[in-house]
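Undergrad: What follows is a single structure, and I will ask about it in a moment.
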2 protein chains.
Amino acid sequence: MRIDDIDEQIVVRLRDDGRASFATVGAAVGLSASAVKRRVDRMLDAGVITGFTAVVDPEALGWTTEAYVELWCAPSSTPAQVLAVAARHPQVVSAATISGEADALVHVRATSVHDFERVLERIGADPAVVRTKSAIVLSRGVLRT
Amino acid sequence: MRIDDIDEQIVVRLRDDGRASFATVGAAVGLSASAVKRRVDRMLDAGVITGFTAVVDPEALGWTTEAYVELWCAPSSTPAQVLAVAARHPQVVSAATISGEADALVHVRATSVHDFERVLERIGADPAVVRTKSAIVLSRGVLRT
DNA sequence: TCTGAAATTAAGACGTA
DNA sequence: TACGTCTTAATTTCAGA
């Protein structure tokens, strides 16, 4: 899909405030509300904008423990299978196969260190996973997801 | 702040659709639109809900290269300083200090491998950073951020 | 792309339990 | 304190130019 300059400006405004009215966005980018809506609908259809969401403070909801886990997978299993293993747990925020020593990197948010330990055990217990190596997050710098 | 069961349900709905109307959310959780609005406003004030945003497909906007970079920082510098270094680059999606061997882990999105190399060089050139070790993302599994 | 009208929604005031 | 209802202003949505 073709994204022009105005589309990008619209995306920037909507990332900044996902509930901004089309009229407000239009005023900022120099279009009418309906023109903005049509562009947004088009980007939603094309998958450029996946959707809208509320940004929540994990700590406030009790997700106080955060960690990154490197995964080594068995020779007989594919990294894709390992990702599937990770995705089964609701504590897994993201998972990706990577270059380098480990095969995959998993981002986990748990309600406690104990909760994290449980997830780690379950992931490690899967036959597709040979070894794990985890690093607990001490403090957050940026989070621009 | 006290979050009750209904608040959590509201958060779930708004995470699923950040532009859902208060009436729609209310119908789902058994409240009137104004009651939902009051609760959402309260959660916004309390910082439980940080805001609303459009979820964008990075690939569609040209951010095709993704990587994780481990950082080792100089003895004279604090991990917090290292995070600040990372945060200066718009390509840095997130940064956190971690336990384990490395001092920090940085999540980067760049427009190309070349673009990523440039960021990596700049971060590595900072006096607070002693060493970096990066892993390029090969494929994404989940991304529930 | 804009305009304009109809339907929907947001936002706030008011009364109640 | 928290809820629902009601009212008004703003917004969305879709038609047509």
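Every number in this text was worked out from the coordinates using simple rules, so none of it is lab data. Here the structure is a predicted model, which means the values were calculated and not measured. Here Cβ is always computed from backbone atoms with ideal geometry, including for glycine, and neighbour counts include all displayed protein chains.
Undergrad: So what is the calculated 222 nm ellipticity per residue for the protein assembly as shown, using -39500 (n - 2.57) for each DSSP H run with n of 4 or more, over all residues, to the nearest 500 deg cm²/dmol?
TA: Using -39500 (n - 2.57) per qualifying helix, the result is -12000 deg cm²/dmol.
Undergrad: Using only atoms on other chains, find how many Cβ atoms lie within 10 Å of each Cβ of peptide A:79-92 and report the average.
TA: 2
Undergrad: Which lysines have a Cα less than 24 Å from the Cα of B:K133, not counting those fewer than 8 places away in the same chain?
TA: The reachable lysines, counting only those whose Cα sits under 24 Å from B:K133, are A:K133.
Undergrad: Let me ask something else. If you add up the charges near A:Q91, with Lys and Arg at +1 and Asp and Glu at -1, over every other residue whose beta carbon is less than 13 angstrom from its beta carbon, what do you get?
TA: Here the count lands on +1.
Undergrad: Mind pulling up the Rg/Rh value for the protein assembly as shown? Radius of gyration and Kirkwood radius, both on Cα.
TA: Ratio of gyration radius to Kirkwood radius: 0.99.
Undergrad: So what's the net charge close to B:D5: Lys and Arg +1, Asp and Glu -1, counting the other residues with Cβ under 14 Å from its Cβ?
TA: 0
Undergrad: Taking the Cα atoms of segment A:58-136, report the difference between the largest and smallest coordinate on each principal axis, in whole Å and largest first.
TA: 40, 22, 18
Undergrad: Return the Cα extents of segment A:2-120 along principal axes one, two and three, sorted largest first, each rounded to a whole Å.
TA: The Cα atoms of segment A:2-120 stretch 55, 35, 21 Å along their principal axes.
Undergrad: Just to be sure I understand the model, the point goes 7 Å from the Cα along the line to the Cβ. What's the resulting B:D45 to B:T64 distance in nm?
TA: 4.9
Undergrad: With Cβ to Cβ distances under 14 Å as the rule, what net charge do the other residues near B:A110 carry (K, R +1; D, E -1)?
TA: After counting each charged neighbour, the total is -1.
Undergrad: Could you tell me the relative contact order of chain A? Use alpha-carbon pairs under 8 Å, at least six residues apart, and round to a whole percent.
TA: That works out to 22 percent.
Undergrad: Give the nm distances, rounded to one decimal, from B:R38 to the matching residue in every other copy, measuring between label points 7 Å along Cα toward the beta carbon; shortest first.
TA: 4.2
Undergrad: When the Kirkwood hydrodynamic radius is evaluated over all pairs of different C-alpha atoms of segment B:5-46, what value in angstrom, to one decimal, is obtained?
TA: Radius from the Kirkwood sum: 9.8 Å.
Undergrad: Count, for each residue of A:102-111, the Cβ atoms from other chains sitting within 10 Å of its Cβ, then give me the mean as a whole number.
TA: Per residue, the number of nearby Cβ atoms from other chains is 3 on average.
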